[in-house]
Amino acid sequence: MKTDHTSILHTERAVLHTALNRESSLIDLPLQPQHFASEQHGEVWDTIARQARDAKPTNVIAVCDILDREGRKAVSALAMAIACSPDLFPLSTPRYYADLITSAWRSREAISIAAELRRASEHREPDAIDHATAALMALHAGDRECEHTAKGAMRAAWNQVNAAHEAGGALIGVPTGLSDLDETLGGLHDSDLIVIGARPAMGKTGLLLQMVRAASGKDRNDEFRPIGLISGEQPHEQVGLRWMAAGSGVGVGRLRAAKIEDEEWPKIAAAVADFDRPIRIYDRSSPEINDVVRIARRWKQQYGIQALYVDYLQRIEVKSDAPKHERVGEVARMLKNLARDLQIPVIALAQVSRKVEERQNQRPQMGDLADSSEIEKEADQIMTLWRDISDPHADYAPAEINVVKNRHGNIGTVHCTWHGASTTFACSDRPQKPQRADRWSAGRDAA
């Protein structure tokens, strides 16, 4: 079907005719009033949708009665004419035609955004491209219905459970690279903000880069996942060195000094070849939060990234004269909104307050996150990292990843081992399950 203006108006009338004559079709019509090219068609749909949300009849008599009582006689007459038209008939696949309507709406909006970008560019207005990019990304989020029924929520939950069942126990979320941590978290899930806090020199950057590598592996369709990395602390060449060390087993220090044995070169070459993966890196020092949001939106649009990793939260700047804790809180809120808007997990490192450094062997807790309690409120999951540093020259050391907040399940401790040369973590050799909290404490934390 052509999508010129005349045919789209006909499609809108056919969809409205179906909705007014067959109430069961509404479940297949995720439309909003602004999607209609005709403003009056949008008004008819708005009335139908309001009736449906209130569990009231959506037939033409009920809809026209509402419009008449609201004094919108012309719209009422239009609804009656559409419902009783001999030239229209209920559609057997209304969702297909609803998609045509939303597609035409996006095209109209894109043309409008392009015109505004041209006007703003001619006047050399700052941030014109950023505003246009955000507006284009919003076209794919703006048509999502944000008001739901309990039945709709249960249907969506059932789809998730059924997908997990069909996966046969395979991980549904983005993997972390540590099987015990995946078991506790169920992987990293869309729309979640995950924060990992630790004192300096605990290995949190190594853990994050290890998680990026695991996340960028092949999915169930045997395709590499596109991943984004915001590296505000380390330039991309240092990131590459860490991945090279992790993949080859040759320490970072030896790589930097080129102290490499002959038999190690093939391992290094294999590590380099392994990273022919769709990972995007943005390594500006102390990036501004609007830059992070802009880059992430572009990566989502151009490359379809499935997760975003941030090193680290307190290093991201906000254009504001507010106190530091308020600026950090704003960054946390914007990262959480970004996760929801892009429908991906956002994983951010965070520093803990200096008082934790004075406690040496004590594990950081959720309240130890530096600068802002807003991190605690915004994050869906919070983990703190600890490792034994009593022997700084040890090749291996015991470590713990403590899940201290988890809105989706249990909290507890995952035991692992730190390998200093490659700056990586591995699950402990001993057969030890994560220590699970009882369901009551987990429930309190989720609340």
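Here are some notes:
- Residue range of the chain that is longest and free of GluC sites (Glu not before Pro) which are both DSSP loop and sparsely packed (at most 13 other C-beta within 10 Å): 262-447
- The string of couplings for the range 71-76 from the Karplus curve (6.51, -1.76, 1.60, θ = phi - 60°) is x, 9, 5, 5, 5, 4 Hz, one whole number per residue in order, with x for Gly and Pro.
- Note on R124 and E39: with the Förster distance fixed at 41 Å, the Cβ-Cβ geometry gives a FRET efficiency of about 0.75.
- Cβ-defined net charge surrounding L178, 12 Å radius [Lys, Arg +1; Asp, Glu -1]: -3
- Sparsely packed trypsin sites (Lys or Arg not before Pro) within the range 1-88, loop by DSSP, other Cβ within 10 Å at most 13: K2
- The loop-placed trypsin sites (Lys or Arg not before Pro) in the range 191-297, going by DSSP, that have at most 11 neighbouring Cβ atoms within 10 Å of their Cβ come out as R220, K259.
- The chain, helix-only ellipticity at 222 nm - DSSP H runs n ≥ 4, -39,500 (n - 2.57), divided by all residues, nearest 500: -14500 deg cm²/dmol
- Accessible area per residue, Å², the chain with all protein chains present, probe 1.4 Å: 51 Å²
- Ligands, DNA and RNA left out, the accessible area of the range 262-401 computed with a 1.4 Å probe is 43% carbon and sulfur.
- Given R0 = 41 Å, the distance between the Cβ atoms of S24 and D276 translates into a calculated FRET efficiency of 0.25.
- Among (1) 5, 21, 28, 25, 16, 5, 1, 0; (2) 5, 22, 32, 26, 12, 3, 0; (3) 4, 17, 24, 21, 16, 11, 5, 2, 0, the entry that matches P(r) over Cα pairs in 10 Å bins from 0, in percent as calculated here: (3)
- Taking every C-alpha pair closer than 8 Å and separated by at least 6 residues, the mean separation divided by the residue count of the chain gives a relative contact order of 14 percent.
- Separation of the E70 and E223 label points, Cα + 7 Å toward Cβ, nm: 4.2 nm
- Database remark: amide H of Y309 closer than 5 angstrom to the amide H of G228, L229, I230, I347 (H placed geometrically; neighbours at sequence offset of 5 or more, or on other chains; Pro and chain starts carry no H).
- Set of aspartates and glutamates near K405 by C-alpha distance (under 12 Å), chain-local residues within fewer than 8 positions excluded: E376, E378, D380, D445
- For the chain, built as a Gaussian network whose Cα springs stay under 10 Å, the top-fluctuating residue of R199, R155, R340: R155
- Here the scattering of the range 1-136 is modelled by Debye summation over its C-alpha atoms, one equal scatterer each and no solvent; at q = 0.16, 0.19, 0.22 Å⁻¹ the log10 of I(q)/I(0) is -0.80, -1.00, -1.25.
The values are calculated or read from the model by the stated rules, or taken from the named source; none is laboratory data. No experiment lies behind these values; they were computed from the predicted model shown. Please note: Cβ atoms are built from the backbone with ideal geometry, for glycine as well, and neighbour counts cover all protein chains shown. With ligands, DNA and RNA removed, areas are computed over all heavy atoms of the protein, side chains included. Shrake-Rupley method; radii C 1.70, N 1.55, O 1.52, S 1.80 Å.
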